[in-house]
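Peer 1: I'd like to ask you about the structure that follows.
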Amino acid sequence: VQLQASGGGLVQAGGSLRLSCVASGIVFESSFMAWYRQAPGKQREWVADITSGSIPEYRDSVKGRFTISRDNAKSTMSLQMNSLKPEDTAVYYCKARYSGFEHWGQGTLVTVSS
């Protein structure tokens, strides 16, 4: 199983980034997918998730700013992040849950400057 996250970078506050996570080795369309993040010196936290039926959930602090989506044909999950804030700075990780197992990607760094 491999989850390849990409799309991170440096952006000014108020800007946008789009993260992608490409999965292989799992039946993507049957997988529960999620984004987590870990800021420096803090614990990893859940950001958003999307069910196999494309039902999304978001943590309160990103509601209205972030949009999670999936493209089953491309085995890809995305996170569109708008109106970014300095507190969104973190390494973002994608996670897949399939057949009772969880798998993590390597993370992509998002830095939001004030």
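Where a number appears in this text, it was derived from the coordinates with a stated rule and is not lab data. No experiment lies behind these values; they were computed from the predicted model shown. All Cβ positions, glycine included, derive from the backbone under ideal geometry; neighbour counts span all protein chains shown.
Peer 1: For TYR93, what charge total do you get from the other residues with a beta carbon under 9 Å from its beta carbon, if Lys and Arg give +1 and Asp and Glu give -1?
Peer 2: Numbers: positive: ARG37, ARG44, LYS95; negative: none.
Every neighbour counted, the sum reads +3.
Peer 1: Taking the Cα centre as origin and putting +1 on Lys and Arg beta-carbons and -1 on Asp and Glu beta-carbons, what dipole magnitude results for the chain, to the nearest 20 debye? Can you show the working numbers first?
Peer 2: Numbers: 12 positive and 9 negative charges, 28 e Å.
Here the chain has a charge dipole of around 140 debye.
Peer 1: Write down the Kirkwood hydrodynamic radius of the chain, to one decimal in angstroms, obtained as one divided by the mean of 1/r over all alpha carbon pairs.
Peer 2: On the way: mean 1/r = 0.0720 Å⁻¹.
Taking the inverse mean of 1/r over all distinct Cα pairs, the chain comes out at 13.9 Å.
Peer 1: Taking +1 at the Cβ of each Lys and Arg and -1 at the Cβ of each Asp and Glu, which of ILE55, TYR98, SER20 sits farthest along the dipole of the chain towards its positive end, judged by Cα position relative to the Cα centre?
Peer 2: The one lying farthest along the dipole's positive direction is SER20.
Peer 1: Same structure, new question: Along the charge dipole of the chain, Cβ charges K/R +1 and D/E -1, which of THR111, THR76, PHE32 sits furthest on the positive end?
Peer 2: THR111
Peer 1: Say we join alpha carbon atoms closer than 10 Å with springs in a Gaussian network model of the chain; which of GLY53, GLY41, GLY25 then has the biggest fluctuation?
Peer 2: Among GLY53, GLY41, GLY25, the largest GNM mean-square fluctuation belongs to GLY41.
Peer 1: A further question on this structure: I want to verify a result. In a Gaussian network model of the chain, Cα cutoff 10 Å, which of these has the top mean-square fluctuation: ASP60, ASP88, ASP71?
Peer 2: So, out of ASP60, ASP88, ASP71, the one fluctuating most is ASP60.
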